[in-house]
Amino acid sequence: MNVVVTGGAGFIGSHVVRALLKKGDTVTIIDNFDDFYDPAIKRNNIADLDCEVAPIDLRDEKEIHQLLKRIKPETIIHLAARAGVRPSIQNPKLYLETNVNGTLNLLEAARVNHCHRFLFASSSSVYGLSKVVPFHEALPLPQTLSPYAATKLAGEQFCGNFSYLYGMRTVCLRFFTVYGPAQRPDLAIHHFTNAISRGQSIKQFGDGSTRRDYTYIDDIVQGVLSAMTYEGNLFDIFNLGENETTTLSALIAMMEQSIGRKAIIEQLPEQPGDMPLTCADISKARRLLHYNPTTPLAVGIPKFVEWYKQAAGNR
C-alpha cells in the first residue's frame, strides 16, 4: 500500500512508519521539523528508515497538493499537529492555522487526488469535563478546555464533512496520553524520568490526584494499523487507550521505583486547560478494530526507563 504519514518523524509517527515499512508498505513522510522541540531528535527517529521524507509545512497548500498529485497515496495517516495544551493557550492562532487549516489543506488535497482513506489523530482532550466515565465515542462534547482540544475537535468535524460530501473514508482516532521509547522530551513521563535520574526537581501541578489513561506506543500502533483496514461506517471515531487510570502521584511513585531514585517534587497550582481525568472506553475499538492493548503502565514504565538509560548511554 502507498501511504503518507504526516508528522512521520515525530514520536508516534516514527513508530507508525517503522511498522508500515516492516509490513511492506511504501511510505512518504511529511514533516516540517519545526522547533517545538529539537528537530535533531526527529531526524534521529527516522535516520535508519528507507522512505521518502518531504519537509513540508501543512499550511503550504500548494506544496501539499503537488506532493499528493505526484505520489497518489491510497491512505493518509495524519499525525502532524502543533502539540500541547498549555502552549496552545499562549498562542491559539498558531494552533488554529496549523491544526485546523493544515488538516483542511490535507483533506482537500486528498479529495482532489482521489485518496479514499484518511486517518486523523485526535485526542482525549476533546472530552473536556465530561462527567461520564469512562469516556465513550458517542458522548456529546459541548465544551473543550483548551485551544488545542478545540482544534482536534474541529479536525474531526472536517473529516466528517469530507466523508459525507465526497465519500471519503475517514477514521478519527482519539489517543489517550501516549508514551514509550522516543517520546517527546517535554511530555511528563520522559521529562520526569530525565529529571529524577539527574537528581533534579520535577514540577507537579496540583495535589497529584489528577488521573490519566496512559497508553503504550505499541498499543497505539496496533490500533492505527487496524484502522487502515476498517470497512465499517464511512466516517467513524474510536478511542485508543488502555481503559485504566492512574493518579499523577502513583505515576511518580512507579517511576521512582523503576529509576531507583526518589523524586524531588515542586508542587505548583493546577494549570488552566489541563483535564482532571481521562479514561477511555475502548469497547468499540475492541469490537470493530480488534484493538487489544497489551502493555499496562506497570509494564510500560520499566520498558521506557530501560530505553531512556540506553539512549542516555549512547549520547
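Values quoted throughout were computed directly from the atomic coordinates according to the rules given, and no laboratory measurement underlies them. In this text, all values refer to a predicted model and were calculated from it rather than measured experimentally. Reconstructed Cβ throughout: ideal geometry from the backbone, glycine too, with neighbour counts over all protein chains shown.
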- line: Per DSSP, the loop-located trypsin sites (Lys or Arg not before Pro) within segment 29-131 having at most 16 other beta carbons within 10 Å are ARG59, LYS131
- request: Can you quote the Å³ per residue value for the convex hull of the Cα atoms in the chain, rounded to an integer?
  value: 124
- line: Over 29 Å (Cα to Cα) among LYS42/LYS93; LYS93/LYS262; LYS284/LYS309; LYS42/LYS309 -> LYS93/LYS262; LYS284/LYS309
- request: Using only the Cα atoms of segment 203-315, build the gyration tensor, take square roots of its eigenvalues as a ≥ b ≥ c, and label the shape rounded, prolate or oblate: rounded if a/c is under 1.5, else prolate if a/b is larger than b/c, else oblate.
  value: oblate
Cβ-Cβ FRET estimate between ILE71 and VAL133, R0 fixed at 51 Å, reported to 0.05: 0.75
Segment ILE89-ARG198, extension gain: residue separation times 0.36 nm, minus the distance between their alpha carbons: 36.2 nm
Neighbour-count ranking [beta-carbon atoms within 10 angstrom, fewest first] of VAL112, VAL100, VAL3: VAL112, VAL100, VAL3
statement: Toy charge model, Lys and Arg Cβ at +1, Asp and Glu Cβ at -1: the chain dipole around Cα centroid in debye, rounded to 20, equals 200
statement: Quick note, segment 186-261: a/c under 1.5 would make it rounded; otherwise a/b > b/c is prolate and the rest oblate (a ≥ b ≥ c, C-alpha gyration tensor); here it is prolate
message: I'd like the antiparallel share, as a percent to the nearest 5, of DSSP beta bridges with both residues in the chain.
response: 5
Net +/- balance of residues flanking ILE259 in space, Cβ distance below 11 Å, scoring K and R +1, D and E -1: +2
query: Listing VAL133, VAL16 from the residue with the fewest other Cβ atoms within 10 Å to the one with the most, what is the order?
result: VAL133, VAL16
- request: Answer rounded, prolate or oblate for segment 126-187, using the Cα gyration tensor with square roots of eigenvalues a ≥ b ≥ c: rounded when a/c is under 1.5, else prolate when a/b is larger than b/c, else oblate.
  value: oblate
query: Under the Karplus relation 6.51 cos²θ - 1.76 cosθ + 1.60, θ = phi - 60°, what is the ordered set of whole-Hz ³J(HN,Hα) values for segment 125-140, x standing for Gly and Pro?
result: 5, 5, 6, x, 9, 3, 8, 8, 10, x, 6, 10, 5, 8, 5, x
- request: Multiply the residue separation of ILE264 and ASP38 by 0.36 nm, subtract the distance between their alpha-carbon atoms, and state the gained length in nm to one decimal.
  value: 78.8 nm
task: Please give the residues of segment 149-167, grouped as numeric ranges, whose backbone N is less than 19 Å from a label point set 7 Å along the Cα-to-Cβ vector of LEU187.
output: 149-153
- line: Taking SER130, SER14 and counting other beta carbon atoms within 10 angstrom, the fewest-first order is SER130, SER14
